[in-house]
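Q: Just passing along the structure, written as structure tokens.
Just so you know, all these numbers are worked out from the coordinates, no wet-lab data involved. Small disclaimer: the values here were computed from a predicted structure and weren't measured. Note: ideal-geometry Cβ built from the backbone for every residue, glycine included; neighbour counts use all protein chains shown.
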């Protein structure tokens, strides 16, 4: 079994207030300080337990999955979740794309299923049409 990556379509969008709350919650649960998340701009990583290696390194903690996020989209302070990867280890522990997202989104009482989404463009403009 290999890692599984799913592109979230339409992408999930967190408005600025919710985005700020989630980032704060993930940072307060950092793996190097007893939590299970490692959040950086663009990538939120979920581990199976806090890092327990020397000097605050990974140790025996294993990555279960990652959330790809774009900061500042669709507007300046929003965050768009566009891709989720579940590692082979995560899948063997019962983690899914929805479960990883739900674990991060729970801090603002959302799930991937209830998170607002971007609007998909359903028609392509005709490049040869005169305006």
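Results for (1) farther than 21 Å from residue 78 by Cα; (2) assigned to a helix (DSSP H, G or I), shown as yes or no for each residue.
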| site | (1), (2) |
| --- | --- |
| 1 | yes, no |
| 5 | yes, no |
| 9 | no, no |
| 12 | no, no |
| 17 | no, yes |
| 22 | no, yes |
| 25 | no, yes |
| 51 | yes, no |
| 55 | yes, yes |
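Q: Could you go through the stretch 90-108 and let me know if any residue there is surrounded by fewer than 16 Cβ atoms within 10 Å (Cβ to Cβ), under 15 Å from the mean Cα position of the chain (by Cα) and not in a helix (DSSP H, G or I).
A: The answer is no, given that none of the residues of the stretch 90-108 is surrounded by fewer than 16 Cβ atoms within 10 Å (Cβ to Cβ), under 15 Å from the mean Cα position of the chain (by Cα) and not in a helix (DSSP H, G or I).
Q: Which condition breaks for residue 74 when tested against (1) in contact with a helix residue (DSSP H, G or I) (Cβ under 8 Å, 6 or more places away or on another chain); (2) part of a loop (DSSP other than H, G, I, E, B); (3) within 19 Å of residue 12 (Cβ to Cβ)?
A: Among (1) in contact with a helix residue (DSSP H, G or I) (Cβ under 8 Å, 6 or more places away or on another chain); (2) part of a loop (DSSP other than H, G, I, E, B); (3) within 19 Å of residue 12 (Cβ to Cβ), residue 74 violates only (1).
Q: Among the residues of the stretch 30-44, is there at least one that is without any contact (Cβ under 8 Å) to a residue 40 or more places away in the chain, exposed (fewer than 14 other Cβ atoms within 10 Å of the Cβ) and assigned to a strand (DSSP E or B)?
A: Within the stretch 30-44 (the criterion being without any contact (Cβ under 8 Å) to a residue 40 or more places away in the chain, exposed (fewer than 14 other Cβ atoms within 10 Å of the Cβ) and assigned to a strand (DSSP E or B)), the answer is yes, since at least one residue qualifies.
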